[in-house]
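The next block holds one structure in the form of structure tokens; read it before the comments.
The values are calculated or read from the model by the stated rules, or taken from the named source; none is laboratory data. Bear in mind the structure is a predicted one, so any value in this text is a computation, not a measurement. Using ideal geometry, Cβ is built from the backbone for each residue, glycine included, and neighbour counts are taken over all protein chains shown. The protein model used for the area step is the full one, side chains on, heavy atoms only, and it has no ligands, DNA or RNA in it. Shrake-Rupley method; radii C 1.70, N 1.55, O 1.52, S 1.80 Å.
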Amino acid sequence: MKNMKRVVFTLFQPAMLALIVVFWAYAPASLLEKGWLVTAISICTLIVVQILEFVNERYPGWRLNWREFLTDVFYVVLYFAVIAKVETKLAEEPLLSAKHALGITTDWAMHLPFLAQVAFAFFLIEFGQYWMHRLMHNTFLWWTHAPHHHITQLNAAKGLVGNPVELFLVSLSVIALFDLQLNALFCAFNLVGAVSAFSHANVRFYTPRWYAFIFTTVEAHSLHHTVGFVETRCNYANCLILIDRLFGTFREGESSVVGQDERKRLMISQQFMFPFRPLIAMFKGHQDKSASASN
Ligand SMILES: [Zn+2]
Ligand SMILES: [Zn+2]
């Protein structure tokens, strides 16, 4: 029984990714018209990984409670019902129009083998996310990303918890510039969703070494969520840790204690207001100065 559990939690991550690839590789054309299917698969993946947290828990300190669960559900709904749609309207569609107006064609992409198209889309999404994420840790954009680092435990859906501006910025991609088959694109989206769920989950996976070399694991990502601000400047890749290895930002290890600013947990309203903190502080300082001048 113990051995069986070990096998399941060793193979689960690669097997799930393989299943997603096989599904989209053989999905009939009629399924491609159902745009909601990508979202449904992403949400099902989150539910399965969430259940795994109760089968093979990583740390008792990260155990899901009602408050965390309801916050996570709020962000899952926010992401799929609002952020993803805003991103399509404000980023993807204008990019697509610009592509048509400029007469850019990338038909070659569509003629690549299915797996190559998936790998290309996955890499492109991840490459953009890596640099946006790294920028956030090294510029004023930190104010948008900090709420994600204020979470004090990791769970399957925690990848979607953060300030809405950050969620929008980190979803930006140039993928719309490339002509790829719809099933390859959908496959890449679902793979990103799955790896992101694995890397935020309170699950003790016995990850194969080859998998951890290529993809982000909860070990690598928990280190990114560690308590010191400077210490978070590593393992930026959402899914493809290979990019951190390439650019010298990879660090080996893991962290059971996560959270910024003395692990102060933020409420949803505080997560939303966080980027405005410097402005509010400036405004308050200005008011205090005028009050002391008039005294
Ligand atoms: Zn970060
Ligand atoms: Zn994270």
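A few points about this structure:
- Between Ser196, Ser171, Ser222, the residue with the greatest mean-square fluctuation in the GNM of the chain (Cα pairs under 10 Å linked by springs) is Ser171.
- Calculated FRET value between Ile43 and Gln287, using beta carbons and R₀ = 51 Å, to 0.05: 0.70
- Based on alpha-carbon atoms, the Kirkwood radius and the radius of gyration of segment 93-158 give Rg/Rh equal to 1.13.
- Only Lys, Arg, Asp and Glu carry charge here, each on its Cβ (+1 for the first two, -1 for the last two); on that basis segment 251-295 has a dipole of about 180 debye about its Cα centre.
- Lys-Lys pairs in the chain that are eight or more residues apart or on separate chains and whose Cα atoms lie under 24 Å of each other come to 7.
- Span-like helix criteria (full DSSP H runs; alpha carbon extent of at least 20 Å along the helix axis; mean Kyte-Doolittle hydropathy of at least 1.0) are satisfied in the chain by 2-26, 36-55, 182-199.
- Near Asn183: Cβ cut-off under 14 Å, other residues only, Lys/Arg at +1 and Asp/Glu at -1. The net charge is -1.
- In plain terms, the bigger the Kirkwood radius, the slower the diffusion; for segment 1-49, with that radius from Cα pairs, at 4 °C and 1.567 mPa s, Stokes-Einstein puts D at 104 µm²/s.
- Think of each Lys and Arg Cβ as +1 and each Asp and Glu Cβ as -1; about the Cα centre, that makes the dipole of the chain roughly 660 debye.
- Under the combined filter of DSSP loop state and at most 13 neighbouring Cβ atoms within 10 Å, segment 3-64 retains these GluC sites (Glu not before Pro): Glu33.
- Assuming charge only on the beta carbon of Lys and Arg (+1) and of Asp and Glu (-1), the dipole of segment 160-252 about its Cα centre is about 200 debye to the nearest 20.
- Residue-averaged [θ]222 nm for the chain, counting only DSSP H segments that reach four residues, each worth -39500 (n - 2.57): -18500 deg cm²/dmol
- Mean separation of Cα pairs under 8 Å and 6 or more residues apart, divided by the residue count, gives the chain a relative contact order of 26 percent.
- Sorted from greatest to least, the principal axis extents spanned by the alpha carbons of the chain come out as 75, 60, 36 Å.
- Relative contact order, whole percent, for segment 58-184 stands at 46, derived from Cα pairs under 8 Å and 6 or more residues apart.
- The fraction of accessible area contributed by carbon and sulfur in the chain is 69 percent, rounded to a whole number (1.4 Å probe; ligands and nucleic acids excluded).
- When you filter the trypsin sites (Lys or Arg not before Pro) in segment 1-38 for DSSP loop state and at most 14 other Cβ atoms inside 10 Å of their Cβ, you are left with Lys34.
- The local environment of Leu223, defined by Cβ-Cβ distances under 12 Å, has a net charge of -3 under the rule Lys, Arg +1 and Asp, Glu -1.
- For q = 0.11, 0.16, 0.20 Å⁻¹, Debye-computed log10 I/I(0) when each Cα of segment 128-251 counts as one equal scatterer: -0.36, -0.79, -1.24
- In a DSSP loop and with at most 16 other Cβ atoms within 10 Å, the trypsin sites (Lys or Arg not before Pro) in segment 177-281 are Arg204, Arg233, Arg251, Arg263, Lys264, Arg265.
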